[in-house]
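The values are calculated or read from the model by the stated rules, or taken from the named source; none is laboratory data. Every value quoted in this text rests on a predicted model; they were computed, and no experiment measured them. No Cβ is skipped: glycine too gets one built from the backbone with ideal geometry, and neighbour counts run over all protein chains shown. What goes into the accessible areas is simple: the full protein's heavy atoms, side chains included, and nothing from ligands, DNA or RNA. Shrake-Rupley method; radii C 1.70, N 1.55, O 1.52, S 1.80 Å.
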Amino acid sequence: MPAQAQLAGHGGPVRAIAVSSDGNSVLSGSFDTAAIRWSLTTESAEQVLRFHSDAVNAVAFLKDGRVATAGADAKIAIWTRGRQRPDRVFEGHAAPVVSLAVSPDGARLASASWDHTVRIWSLDDGSHQVLEGHSQNVNGVVFTPDGRSLVSVGYDRELRIWPLVGGTPNVITLASPLNAVTVAPDGEIATGGADGQLRFLTTEGKESGEMQAGQTPIVALAISADGASVAAAGIGAVAVIDRKARSIARTLVDQSSPVWSVTFLPDNATLLTGGADGKIRRWNARTGEPIGSSSQTTPRDPLAAYAGDHGAEVFRACVACHTLSEKDAQRAGPTLAGLYGRRIASLPGYRFSDALKRMDIVWTPETVSKLFELGPNTYTPGTKMPEQRIGSAEDRRALTDFLGRAASK
């Protein structure tokens, strides 16, 4: 029986969600540095897992009932239910770990990191293999259903299919930086990019179709257990896609809580989304309707006062992470109030990466424009900001003008 209320307990955006194979438990990870194990039968948090020193970016249920969490602290923790500390900690990555995948036989765990590597860990003894080749951040990893290959995607626009026994990787370069990847039960690969495009490839890596899932970068992907539907989270909305028809069946929109993560329950009909407000919401994936009366309230549009303003519409992709006022609750990124004239990584009360603290950038209309012309990964390497670019000079100018008006103290 599906739970009928939101799952609320995190103190920051929900970056990752996983569901147990029986559909009774949910594991979530958040920018608040905690992971929470939830019971869907009692609609409550069973345990809060506190170990990581930075955002928990990825979570997974293991075949033996344990769970794995991975964070921006570059560590992977393996937990047994009910224990207050991890059984084992995997260390080796040199930058945030942002994606986890469990092998079909349950013996191995794969991790993708912003150190440009993929690692495959033995869950038995902790030994691991390093897969090198990506030239930029690796954002997603998944095993193929037969367990013979591993698929990874990254900001370098590469999708790599790694054979796990001998051979060299099959490298496919696509048209956009890639943020997420998933694989259907029949082996077809789906990957989402910074351009909002969902691209499909065969098990061998041949492109088999593409479609526009939304107007903002795809930040998370999930596929239903029957392989019929793909959910593509694009920060402000989730497109539920009919995989066979290559068409959007419906779109889920919740303007009060931009989406950071998404997954299906085993029933193929229920979708969970993790929001910037720290809540997990439940949706009927077939109708597009929210489940539970608490999620059916009319959300407040933070940009309602700027209706018709072109700069505000460009900024809409940014409201997932940034507020325009210091009075609003903090989101994943720092507030933009008083942005112009402020040195990068200098806002009190927000934890910036060491890489940003070393940069000599002062935010002005010109530097903000350059950020989106080149992309955050190029202009501010080491940032936690999702990769996105604004190709139109007119749109960049509209955005910087809007920030000058809306984000001034």
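Taking into account only those residues within the range 193-210 that are not charged (D, E, K, R) and not in a loop (DSSP other than H, G, I, E, B), which is nearest to Asn179 (Cα to Cα)?
For the range 193-210, the residue satisfying everything is Gly193.
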Any residue in the range 310-323 that is without any contact (Cβ under 8 Å) to a residue 24 or more places away in the chain, open to solvent by 30 Å² or more (accessible area, probe 1.4 Å) and polar (S, T, N, Q)? no
Based on this model, can you work out whether Arg282 counts as open to solvent by 10 Å² or more (accessible area, probe 1.4 Å) and among the charged types (D, E, K, R)? no
Could you count how many residues in the range 189-210 are out of contact with any Gly (no Cβ under 8 Å at 6 or more places or on another chain) and open to solvent by 20 Å² or more (accessible area, probe 1.4 Å)? 8
Go through (1) surrounded by 14 or more Cβ atoms within 10 Å (Cβ to Cβ); (2) free of Cβ contacts under 8 Å to residues at least 60 places away in the same chain for Asp360 and report which single condition fails. (1)
Taking the condition of being open to solvent by 40 Å² or more (accessible area, probe 1.4 Å), hydrophobic (A, V, I, L, M, F, W, C) and closer than 17 Å to Val97 by Cβ, how many residues in the range 130-174 meet it? 1
I'm trying to understand the selection: among the residues of the range 273-301, which are modelled with pLDDT of 70 or more and either outside any strand (DSSP E or B) or touching an Asp or Glu at 6+ places or on another chain (Cβ under 6 Å) (or both)? Ala276, Asp277, Gly278, Ala285, Arg286, Thr287, Gly288, Glu289, Ile291, Gly292
Those residues that are closer than 19 Å to Pro104 by Cβ, out of contact with any Pro (no Cβ under 8 Å at 6 or more places or on another chain) and of a type outside the set (A, V, I, L, M, F, W, C), I need them from the range 168-194; list them, please. Thr182, Glu188
Over the range 13-31, the set of residues buried (at least 20 other Cβ atoms within 10 Å of the Cβ) and not polar (S, T, N, Q) is Pro13, Val14, Arg15, Ala16, Ile17, Ala18, Val19, Val26, Leu27, Gly29, Phe31
Could you tell me whether the range 256-264 includes any residue that is in contact with a strand residue (DSSP E or B) (Cβ under 9 Å, 6 or more places away or on another chain), open to solvent by 20 Å² or more (accessible area, probe 1.4 Å) and of a type outside the set (S, T, N, Q)? no
Can you find, within the range 363-409, the residue that is surrounded by the fewest Cβ atoms within 10 Å (Cβ to Cβ) among those that are over 25 Å from the mean Cα position of the chain (by Cα) and not in a helix (DSSP H, G or I)? Lys409
Can you name every residue in the range 109-129 that is open to solvent by 60 Å² or more (accessible area, probe 1.4 Å) and touching a Gly at 6+ places or on another chain (Cβ under 9 Å)? His116, His128
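Looking at Ala5, Ala35, Ala58, which one is touching a Gly at 6+ places or on another chain (Cβ under 7 Å), among the aliphatic types (A, V, I, L, M) and modelled with pLDDT under 90?
Among Ala5, Ala35, Ala58, only Ala5 is touching a Gly at 6+ places or on another chain (Cβ under 7 Å), among the aliphatic types (A, V, I, L, M) and modelled with pLDDT under 90.
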Kindly evaluate Tyr350 against the criterion of being at pLDDT 90 or above, open to solvent by 40 Å² or more (accessible area, probe 1.4 Å) and not aliphatic (A, V, I, L, M). no
Checking Pro86 against (1) of a type outside the set (Gly, Ala, Ser); (2) at pLDDT 95 or above; (3) within 30 Å of Pro163 (Cβ to Cβ), the condition it does not meet: (3)
State yes or no: is Arg342 open to solvent by less than 10 Å² (accessible area, probe 1.4 Å), at pLDDT 85 or above and either among the charged types (D, E, K, R) or at positive phi (or both)? no
Please determine, by comparing only the residues of the range 220-253 that are open to solvent by less than 20 Å² (accessible area, probe 1.4 Å) and part of a loop (DSSP other than H, G, I, E, B), which one is farthest from Ile291 (Cα to Cα). Gly227
